Amino acid sequence: MAKKMQISLTVNGEAHELLAEPRELLIHVLREKLGLTGPHIGCETSHCGACTVDMDGKSVKSCTVLAAQADGATITTIEGLGNPDGLHVLQRMFREHHGLQCGYCTPGMITRAHRLLQENPAPTEEEVRFGMAGNLCRCTGYQNIVKAILAAAAEMNAKEAAE
Amino acid sequence: MIPAAFEYHRPDSLASAIAILTEHGDEARVVAGGHSLIPMMKLRMAAISHLVDLQKVGELRGITVAGDTVTIGAMVTQAELIAHDGLAKAAPLLREAALQIADPQVRYMGTVGGNVANGDPGNDMPGLMQCLGATFTLAGPGGSRDVAARDFYHSAYVTERADDEILTKITFTAPSGGYAYEKQKRKIGDYATAAAAVLLTKAGGKVATASVAMTNLSDTPVWSEDAAAALMGSDCGDAAIKVAVTAMLGDIDPQKDNRGPIEFKRHVAGVILARAITRAWSRA
């Protein structure tokens with residue numbers, strides 16, 4: 001067995017030093033070592049996007065990133081975006097527009113949508129669909145997810161204009 | 001699904017990356033974005049003792065457009081390629097194709113170098129680079145050498161690159177005229193059932209030059225000289241396109257798999273190439 005290596009990660013603003021085998025996947029480190037169970041393990045084959053987290057300003061599927069590759073990275077998970085006492089605008093809009101049913105894909109959807117809106121604050125419906133193409137939902141049919149993201153973008157832009 | 005154990009290396013220069021490859025021979029593999037290699041390691045279809053992560057090798061980064069010469073570092077991601085305005089102007093064909101690769105998350109990690117060096121017949125960039133007549137630069141312990149994309153692919157996953165070499169950059173002359181990359185896939189994230197890259201230039205209402213390459217229709221990309229020859233000097237009308245498609249069908253060798261039987265793939269290849277030629281001509 002390969003020896004463990006020291007890995008530094010900044011996750012949701014908090015610095016962590018941990019030991020991991022190089023072959024450990026980022027999703028396992030987040031869920032099992034740091035107790036962040038928001039990112040889900042869905043397909044495990046980089047298709048479904050349930051494990052999406054933000055790594056150094058990029059949306060990544062954390063089931064296809066080695067913890068060793070992530071050494072030194074800054075990561076945001078769904079837990080870093082909002083919590084029950086203070087929902088992120090995307091979380092509120094997913095609730096308001098029924099952008100989820102079973103909820104399994106939702107953390108990945110919202111984390112991906114967050115990065116999409118950082119890069120393109122006022123996307124068209126088509127741009128939302130294209131930008132969310134790496135996240136699968138088997139419940140909603142996507143209509144309400146797209147609506148929720150567009151509504152979140154509108155609210156974020158209105159807030160910015162008011163400031 | 002967890003990969004088998006390996007030792008992880010993160011060299012910070014090309015020279016030290018090559019030194020690690022030289023030391024460990026075929027037990028070592030480089031990893032760029034990892035979105036082809038890591039899934040294979042998780043499935044235990046790839047067993048690697050020494051994984052050499054190229055993320056800190058600065059020499060492999062960056063896109064430069066100098067005059068009509070375009071150079072793309074091997075570690076440039078598909079997302080970086082898509083976002084590069086100078087490249088989009090110099091070679092819009094690349095951006096059109098990159099937008100059809102995988103999905104947003106994979107494009108943030110997946111690199112151009114990984115896509116061309118992997119040798120997977122399903123990858124889109126190899127056919128594209130053959131269409132462009134690109135040159136790959138390989139660096140090894142004895143220095144570096146240039147290999148034409150059209151000579152690089154021997155069979156599935158077997159390329160001109162030796163075990164102790166790293167593909168460092170891709171160079172090509174910015175094409176003029178019309179371009180198109182057409183891809184038929186079953187769903188977002190899938191490899192092509194058939195894809196076609198076409199470059200055309202026009203002079204006096206006729207096709208002056210043509211280049212045609214097909215993806216995932218053989219165990220290597222297929223640069224079809226016969227299809228290009230069929231178009232040259234023609235008016236690029238339906239009859240000429242039909243001749244070009246027939247010529248292309250003589251060059252491909254698709255196999256039956258979960259994307260369909262051979263007959264279906266040949267049919268799709270014809271439809272996709274005709275569409276690509278029509279679109280490239282409309283832009284020429």
| request: Report the charge-dipole magnitude of the range B:217-284 in Debye, nearest 20, computed about the Cα centre from +1 at each Lys and Arg Cβ and -1 at each Asp and Glu Cβ. | output: 340 debye
| remark: Hydrodynamic calc, the range B:7-53: Kirkwood Rh from Cα pairs, then Stokes-Einstein at 25 °C with viscosity 0.890 mPa s, so D in µm² s⁻¹ is 226 µm²/s
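Please give the per residue accessible area of the range B:163-284, computed with a probe of 1.4 Å over protein heavy atoms only, in Å².
Values: 5300 Å² over 122 residues.
Roughly 43 Å² per residue, with all protein chains present.
In terms of the Cα gyration tensor, with a ≥ b ≥ c the square roots of its eigenvalues, is the protein assembly as shown rounded because a/c is under 1.5, prolate because a/b exceeds b/c, or oblate?
On the way: a/c = 1.91, a/b = 1.31, b/c = 1.46.
The shape class here is oblate.
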| task | Answer with one residue from A:Gln143, B:Gly122, A:His16: the one whose Cα lies farthest towards the positive end of the charge dipole of the protein assembly as shown, charges on Cβ with Lys, Arg +1 and Asp, Glu -1. | result | A:Gln143
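What does the average come to when, for each residue of peptide B:105-115, you count the partner chain Cβ atoms lying within 10 Å of its Cβ?
Numbers: counts 18, 8, 3, 9, 9, 0, 0, 0, 0, 0, 0.
Per residue, the average neighbour count from other chains is 4.
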| request: Report, ordered by chain and residue number, the aspartates and glutamates lying within cross-link reach of B:Lys169, taken as a straight Cα distance under 14 Å and ignoring same-chain residues fewer than 8 apart. | output: B:Glu59, B:Asp146
| remark: the range B:267-284 scanned against label point 7 Å out from B:Ala208 along Cα→C-beta; backbone N under 20 Å for B:277-284
| Taking springs between alpha-carbon atoms closer than 10 angstrom, which of A:Ala151, A:Ala113, A:Ala50 fluctuates most in the Gaussian network model of chain A? | A:Ala151
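Taking only C-alpha pairs under 8 Å that are 6+ residues apart, what is the relative contact order of chain A in percent? All intermediate terms of the calculation are to be shown ahead of the outcome.
Working: 285 pairs, mean separation 37.4, N = 163.
About 23 percent, as a whole number.
Nearest 100 Å² is fine: what is the total accessible surface buried where chains A and B meet, probe 1.4 Å?
On the way: alone 8610 and 12630 Å², together 18710 Å².
So the buried area, both faces added, is about 2500 Å².
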| Given the Cα atoms of chain B, and with Rh set as the inverse mean 1/r over their pairs in the Kirkwood sense, what is Rg to Rh to two decimals? | 0.98
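Sort A:Glu119, B:Glu96 from largest to smallest accessible area, using a 1.4 Å probe on the heavy atoms of the protein chains.
The ordering from most to least exposed comes out as A:Glu119, B:Glu96.
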| query | Applying 1/(1 + (r/R0)^6) with R0 = 35 Å to the Cβ-Cβ distance of A:Glu125 and A:Asn83, what FRET efficiency is obtained, to the nearest 0.05? | reply | 0.75
| What is the ratio of the Cα radius of gyration of the range B:1-144 to 2.2 N^0.38 Å, where N is its residue count, to two decimals? | 1.07
| Percent carbon-and-sulfur accessible area, chain B, ignoring ligands, DNA and RNA, probe 1.4 Å | 51 percent
| said: How big is the dipole moment of the protein assembly as shown about its Cα centre under a simple scheme where the beta carbon of each Lys and Arg is +1, that of each Asp and Glu is -1, and everything else is neutral? Debye, nearest 20, please. | reply: 1000 debye
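In peptide A:11-23, what is the residue-averaged number of other protein chain Cβ atoms found within 10 Å of each Cβ?
Numbers: counts 0, 0, 0, 0, 0, 0, 0, 0, 0, 0, 5, 8, 12.
Mean partner-chain Cβ count within 10 Å for A:11-23: 2.
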| query | Who wins for biggest fluctuation among B:Ala162, B:Ala203, B:Ala134 in a Gaussian network model of chain B, springs between alpha carbons below 10 Å? | reply | B:Ala203
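What is the average number of partner chain Cβ atoms found within 10 Å of a Cβ in B:184-190? Kindly include the intermediate steps, with their values, before the conclusion.
Values: counts 0, 0, 0, 3, 7, 8, 1.
Going residue by residue through B:184-190 and averaging, the value is 3.
Regarding chain A, what is the average projected area of its C-alpha convex hull, in nm²? Walk me through the intermediate numbers first.
Values: hull surface 39.3 nm².
Taking the Cα atoms of chain A, their convex hull projects to 9.8 nm² on average.
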| request: Calculate how steeply helix B:238-251 sits against the longest principal axis of the alpha-carbon atoms of chain B, using the helix alpha-carbon long axis, and give the answer as 0 to 90 degrees to the nearest 10. | output: 40 degrees
| Dipole-positive endmost among B:Thr137, B:Thr246, B:Thr220 within the range B:125-284 (Cβ charges, Cα centre) | B:Thr246
| said: To the nearest 20 Debye, how big is the dipole of chain B about its Cα centre, given +1 on the beta carbon of each Lys and Arg and -1 on that of each Asp and Glu? | reply: 1000 debye
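Please work out whether the range B:178-283 counts as rounded, prolate or oblate from its C-alpha gyration tensor, where a ≥ b ≥ c are the square roots of the eigenvalues and a/c under 1.5 means rounded, while otherwise a/b larger than b/c means prolate and anything else oblate? Provide the component values of the computation, followed by the final result.
Working: a/c = 2.30, a/b = 1.81, b/c = 1.27.
Prolate, since a/c reaches 1.5 and a/b exceeds b/c.
Using only C-alpha positions, report the orientation-averaged shadow area of the convex hull of the range A:57-149, nm², one decimal.
Values: hull surface 25.5 nm².
Computed as one quarter of the Cα hull surface, the answer is 6.4 nm².
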| Leading residue at positive end of dipole, the range A:51-163 (Cβ point charges), from A:Ala152, A:Leu116, A:Gly131 | A:Gly131
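The values are calculated or read from the model by the stated rules, or taken from the named source; none is laboratory data. Just so it is clear, the structure is predicted and the values come from calculations on it, not from any experiment. Note that we place each Cβ from the backbone using ideal geometry, even for glycine, and neighbour counts take in every protein chain shown. When the accessible area is computed, the model is the full protein with side chains, heavy atoms only, and any ligands, DNA or RNA have been set aside. Shrake-Rupley method; radii C 1.70, N 1.55, O 1.52, S 1.80 Å.
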